[in-house]
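The values are calculated or read from the model by the stated rules, or taken from the named source; none is laboratory data. Just so we're clear, the structure is a prediction, and the values are computed from it rather than from any experiment. A quick note on method: Cβ atoms are made from the backbone with ideal geometry, for glycine too, and the neighbour counts reach across all protein chains shown. In case anyone asks, the SASA skips ligands and DNA or RNA and just uses the protein heavy atoms, side chains included. Shrake-Rupley method; radii C 1.70, N 1.55, O 1.52, S 1.80 Å.
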Amino acid sequence: MAHIDTKNLGFDTKVIHAGGHHDPYGSATVPIYQTSTFAFDNAKQGADRFAGTTDGFIYTRLGNPTINALERQMAELEGGFAGIATSSGMGAVSTVYMALLDQGTHMVGTASVYGPSRLLAEKHLSRFGVESSWIDTTDLGHLRRAMRPTTRIVYTESVANPTMDVTDIRGAADIAHEHGALLVVDNTFCSPFLHRPFEFGADVILHSVTKFLNGHADVVGGIVVAKDEALYRKLRPMMTTLGCNMDPHQAYLVLRGLKTLSLRIERAQENAATIARWLEGRPQVEWVRYVGLPSHPQHDLARRQMSGFGAMIAFGLKGGLEAGRAVMDNVRLATLAVSLGGVETLIEHPASMTHAGMSREHREESGISDGLVRLSVGIESANDLIADLAQALGKI
Ligand SMILES: *Cc1c(COP(=O)(O)O)cnc(C)c1O
């Protein structure tokens with residue numbers, strides 16, 4: 001694929017053409033450079049590459065053409081300086097924390113973030129003298145009060161997991177910057193198709209590419225995108241030293257999945273809107289949280305900072321834990337599985353699955369009740385998904 005300057009082209013064009021590379025054989029797709037190392041022509045070339053005075057690859061942990069193509073594409077889709085692909089979403093979170101936090105510093109995060117992102121700071125970084133506070137960032141007053149002179153990063157998710165809370169990214173960025181801190185946004189639930197946090201003042205974006213970006217439930221991977229060169233120079237060596245690099249084959253699959261990002265999300269969010277409205281009318285359902293419903297507490301904010309409402313729904317069952325189990329055990333079309341963002345609909349129960357590692361107290365504080373069910377809506381026929389949920393709700 002020839003390199004095309006896509007800077008001024010539409011998002012859907014970037015999804016197909018951004019980050020293309022020059023291939024000596026004119027390959028239409030980015031080849032998989034399945035190699036651990038790269039030969040130098042001579043000693044001087046090797047020395048120059050190590051010194052960084054000439055471009056070129058050295059060793060796959062440090063960089064690889066297939067992985068690089070994905071990094072360039074994601075940087076362009078998010079509108080940042082450069083990307084750093086990682087072995088998993090948690091590899092991206094680890095890279096960001098380790099690069100930006102020092103002993104004696106502090107971070108503030110959204111209470112209901114992806115469980116392990118909170119656990120890594122609270123349980124592990126605390127052993128190295130890093131403190132963290134976890135708060136409801138939908139209220140910027142809470143964020144302002146949680147800031148300390150030692151706060152280095154404010155950490156939030158574009159739509160939080162699994163409460164579907166939306167944080168005002170512009171407002172959070174302003175507070176972080178007033179205190180000399182950086183705003184890091186985990187944009188996994190939205191992808192740049194729905195939300196581009198750099199446009200609202202974020203400094204670092206990360207993703208679990210396992211989810212919407214790859215979209216086919218066949219890869220685990222992550223990426224960090226830095227807004228500017230200075231941040232990139234801090235973040236990249238942390239990833240290569242931690243060793244949580246992506247593999248060329250992973251990168252190839254993600255590049256392939258990414259091409260249909262716009263089509264997949266458009267269809268999935270259309271299904272999600274239909275299902276969310278239908279769920280609101282069910283007698284077994286106590287509440288429905290979908291960013292696209294006017295009943296969502298941050299619906300207006302979402303309308304301002306997102307270009308669509310996505311495919312993630314949370315709903316509460318009147319019967320609590322028991323009702324949750326009955327639905328999980330009776331769905332036939334929706335797959336009972338954690339993860340999200342694939343072409344197939346997945347259903348899960350956070351209190352007994354993804355967020356079971358949190359104490360009940362922390363779960364309740366974070367808005368994760370026992371009856372909360374999370375649905376990642378896929379691109380099947382909406383009628384079939386509704387029929388499946390109807391029969392499962394009927395079993396309660
Ligand atoms: C899945 C997920 C992660 C972790 O990603 P992995 O690829 O599983 O390591 C981080 N943040 C969010 C919001 C996620 O959904």
Of the conditions (1) within 30 Å of Asn64 (Cα to Cα); (2) in contact with a helix residue (DSSP H, G or I) (Cβ under 8 Å, 6 or more places away or on another chain); (3) open to solvent by less than 10 Å² (accessible area, probe 1.4 Å), the single one that Glu157 does not satisfy is (2)
The strands (runs of 3 or more DSSP E) lying wholly within the stretch 166-285 that contain at least 2 residues that are within 22 Å of Gln34 (Cα to Cα) are 222-226
Per the filter on the stretch 245-284, residues in contact (Cβ under 8 Å) with a residue 60 or more places away in the chain, farther than 30 Å from Ser87 by Cβ and open to solvent by 10 Å² or more (accessible area, probe 1.4 Å) are Glu270, Thr274, Trp278, Arg282, Gln284
Filter the stretch 220-244 for residues that are in contact with a helix residue (DSSP H, G or I) (Cβ under 7 Å, 6 or more places away or on another chain) and open to solvent by 10 Å² or more (accessible area, probe 1.4 Å); the one that is nearest to the ligand (Cβ to nearest atom) is Cys244
Considering the stretch 120-139, residues that are out of contact with any strand residue (DSSP E or B) (no Cβ under 8 Å at 6 or more places or on another chain) and surrounded by fewer than 20 Cβ atoms within 10 Å (Cβ to Cβ), and then whichever is nearest to Glu365 (Cα to Cα), we arrive at Asp139
For Ala202, are the conditions met, namely being within 16 Å of the ligand (Cβ to nearest atom), among the aliphatic types (A, V, I, L, M) and farther than 22 Å from Ala173 by Cα?
no
Residue hits (the stretch 52-67; polar (S, T, N, Q) and buried (at least 17 other Cβ atoms within 10 Å of the Cβ)) are Thr60, Asn64, Thr66
Residue count, the stretch 1-48, condition at positive phi and loosely packed, with under 13 Cβ neighbours inside 10 Å, comes to 1
